[in-house]
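Some notes on the structure that comes next.
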Amino acid sequence: MLSKKLTDALNDQLNYELYSGHVYVAMAGWCAVNDLPGFSHWLLIQEEEERFHAMKFFNFLTEMQESPVLAGMPDPVNEYSSLSEVFEEALKHEKDVTARIYNLMDIAHDEREYRTISLLNWFVDEQREEEDTFSALLAVIKRIEDNGTEIYQLDKELGARVFTPPANE
Ligand code: FEO
């Protein structure tokens, strides 16, 4: 059993991870109709990552005999003015996720709930990787955004991304 406060916060994060996937599918749609099929594909793979994150919370809750509670989602942003705006928003979103994980960690520490702390340690490392990935991509996009040939090349590279479940430990 977990406290109600911690269970609610874990459920909230389960829903936010699913929402993150929703955000990336919307971004993938914008890329697809703006002749960026590789970026679109890359973002759809990112949605698979987010589902994996969500399921870690889902599985943890059920292992702790707590019920996952699914909630409705806000509308994601569907319109962007440029590719760099897409990735600026994506990086901002990942920073929000990191802040939420830190907040969860504070609650788990207050309650000395070490099983939850162990789960969240994985997310702290994962978020560092997520922010690094988006930050690096954004830097490249900003550098080459006006060069159609280089964007075409990067689009082709990103089209090769495959989903590899993040390491579990
Ligand atoms: Fe699950 Fe990209 O944070």
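The values are calculated or read from the model by the stated rules, or taken from the named source; none is laboratory data. In this text the structure is predicted, and so the values were computed from the model without any measurement. Because the Cβ atoms are built from the backbone with ideal geometry, glycine has one as well, and the counts that use them run over all protein chains shown. Ligands, DNA and RNA are stripped out before the accessible areas are found, and what is left, the full protein with its side chains, is counted by its heavy atoms. Shrake-Rupley method; radii C 1.70, N 1.55, O 1.52, S 1.80 Å.
Summary table below
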| read-out | value |
| --- | --- |
| Shape of segment 126-169, Cα gyration tensor, a/c cut at 1.5 | oblate |
| Segment 6-85-segment 100-169 distance, computed between alpha-carbon centres (Å) | 13 |
| Å² of accessible area per residue within segment 4-158, as computed with a 1.4 Å probe and no ligands counted | 51 |
| Under the Karplus curve 6.51 cos²θ - 1.76 cosθ + 1.60, θ = phi - 60°, whole-Hz ³J(HN,Hα) for segment 137-144, x wherever Gly or Pro sits | 5, 4, 4, 5, 4, 5, 6, 10 |
| Cβ charges +1 (Lys, Arg) and -1 (Asp, Glu), total dipole of the chain, debye | 280 |
| Lysine pairs meeting the criterion (Cα under 29 Å, 8 or more apart or interchain), as found in the chain | 12 |
| Rg ratio (alpha-carbon, reference 2.2 N^0.38 Å) - segment 4-158 | 1.14 |
| Accessible-area composition of segment 4-158, carbon plus sulfur, in percent [1.4 Å probe] | 50 |
| Over the chain: helical MRE at 222 nm, DSSP H runs n ≥ 4 each giving -39500 (n - 2.57), nearest 500 | -26500 deg cm²/dmol |
